[in-house]
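K.L.:
Sending over a structure as structure tokens; questions will come in a sec.
The values are calculated or read from the model by the stated rules, or taken from the named source; none is laboratory data. Please read all numbers here as calculations on a predicted model, not as lab measurements. When the accessible area is computed, the model is the full protein with side chains, heavy atoms only, and any ligands, DNA or RNA have been set aside. Shrake-Rupley method; radii C 1.70, N 1.55, O 1.52, S 1.80 Å.
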Amino acid sequence: SPELTKLKQSSANDEDLYNNLLAYAVEAGPPKFSEEVLSTFVNAIVYQPTNEFGCEGELTYIAGLPPELPTYLQQFASGETIMNSWPDVLECKGSCYGQSHNFLAATNHHHCNKCNEIVCQLCSTNLHKSGKEQYCLPCYVEEKLLPEEENVTANQKSIQQMRKELKDEYNFNGADQLSIDEVEEAWLGYALQRAMEKMTDDVEFPIFNASAIDDGDKWDVLAEIDFSEGGSFLLNEDIDDKHLPDILELFAAFVRFGSPEQKHTTWQKDGSVYTAIPQMFIDFAKKCRIDESYRLLRRCLRHALDNRTESLNN
């Protein structure tokens, strides 16, 4: 392409190289990514302050004071920076109530299928595998947790019935003083609570807390096994021979991985963490959570690979 030819013929001049590289990125990148949008991405990296936001004194930078920035990067501006209105910015509803934020209009975003408010790609998700109906996260929680009959009931109940249930079933103080919107919000909140409590009925937790391992009243130490000594524990006289098959099965399960074809989530492609952790720990995590346990497994893996983490023996 002409822009690629210009890029290859760029001189050693930094500004010339940058301009040609930017022009090529506009030509080769997504259609919505104009030169102003790509410049905003570059400026966000170059002019990110080196000191924390909210600190006392002037902001400091590695590349010097930013001479000009878009309003999207207003937090990065110094007292001498000229602010421009480009590129277009939208306001996202946010992942939690009252936590809205701005994002570039050129990036992927949606209108929530339920409340119709604008949400960015990071604050939205789809309820079904098709991915056609996108929801903001608060609406997604309601649609995901509330059974269909609960949603129907919510639409059929009168405000008077909801107010009565809040007083009689939930001992909600001051229900008579709530506005119509407040009654609907409070009743829906209790409906969500009921749905979540019902889901947790199937969650399997250990019989004892982890701290109970150190409780001498519940456990007796039969033998200590040091893996640095290999299989010498097989000859340990403190271990009854009848327990050896189960011990070997347990150790084998610690390093047994599931089939790569096995699906663990409803996502189009499972996260790589599901292939990096043995199946036993994946099953354990799933039974201790009402979701797909992804965050718990990520934390487990990050903890295991952190060389600053102390040994369990300490």
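K.L.:
Return the sequence-ordered ³J(HN,Hα) values of the stretch 223-240 in whole Hz as given by the Karplus equation 6.51 cos²θ - 1.76 cosθ + 1.60 applied to θ = phi - 60°, using x for Gly and Pro.
P.N.:
Whole-Hz 3J(HN,Hα) from phi for the stretch 223-240: 6, 9, 10, 10, 5, 5, 9, x, x, 5, 5, 5, 9, 5, 5, 6, 9, 5.
K.L.:
Could I ask something else about it? Starting at the first residue of the stretch 78-85, write each ³J(HN,Hα) from the Karplus equation 6.51 cos²θ - 1.76 cosθ + 1.60 with θ = phi - 60°, in whole Hz, x for Gly and Pro.
P.N.:
For the stretch 78-85, the Karplus-derived couplings read 8, x, 9, 6, 7, 9, 10, 7 Hz, x marking Gly and Pro.
K.L.:
For a quick check of understanding: with a 1.4 angstrom probe and all protein chains in place, what accessible area in square angstrom does Phe257 have, to the nearest ten?
P.N.:
110
K.L.:
Then there is this: Please calculate the 1.4 Å probe accessible area of Glu184, with all protein chains present, and give it to the nearest 10 Å².
P.N.:
So the heavy atoms of Glu184 present about 90 Å² to solvent.
K.L.:
What figure, in Å² to the nearest 10, do you get for the accessible area of Arg298 with a 1.4 Å probe and non-protein molecules left out?
P.N.:
Probe radius 1.4 Å; accessible area of Arg298 about 110 Å².
K.L.:
Which value, in Å³ per residue, describes the convex hull spanned by the Cα atoms of the stretch 59-101?
P.N.:
Here the figure is 102 Å³ per residue.
K.L.:
If amide hydrogens are placed 1.01 Å from N in the peptide plane, which non-local residues have theirs closer than 5 Å to the one on Glu133?
P.N.:
Amide H neighbours of Glu133, under 5 Å, 5+ apart: Leu127, His128.
K.L.:
Calculate what fraction, in whole %, of the accessible area of the stretch 223-309 sits on carbon and sulfur atoms when a 1.4 Å probe is rolled over the protein chains.
P.N.:
Numbers: 3630 of 6700 Å².
That share works out to 54 percent.
K.L.:
Return the subset of Lys114/Lys157; Lys263/Lys287; Lys114/Lys269; Lys93/Lys287; Lys114/Lys164; Lys93/Lys132 for which the Cα-Cα distance in this structure is over 21 Å, preserving the input order.
P.N.:
Violating the 21 Å Cα-Cα cut-off are Lys114/Lys269; Lys93/Lys287; Lys114/Lys164.
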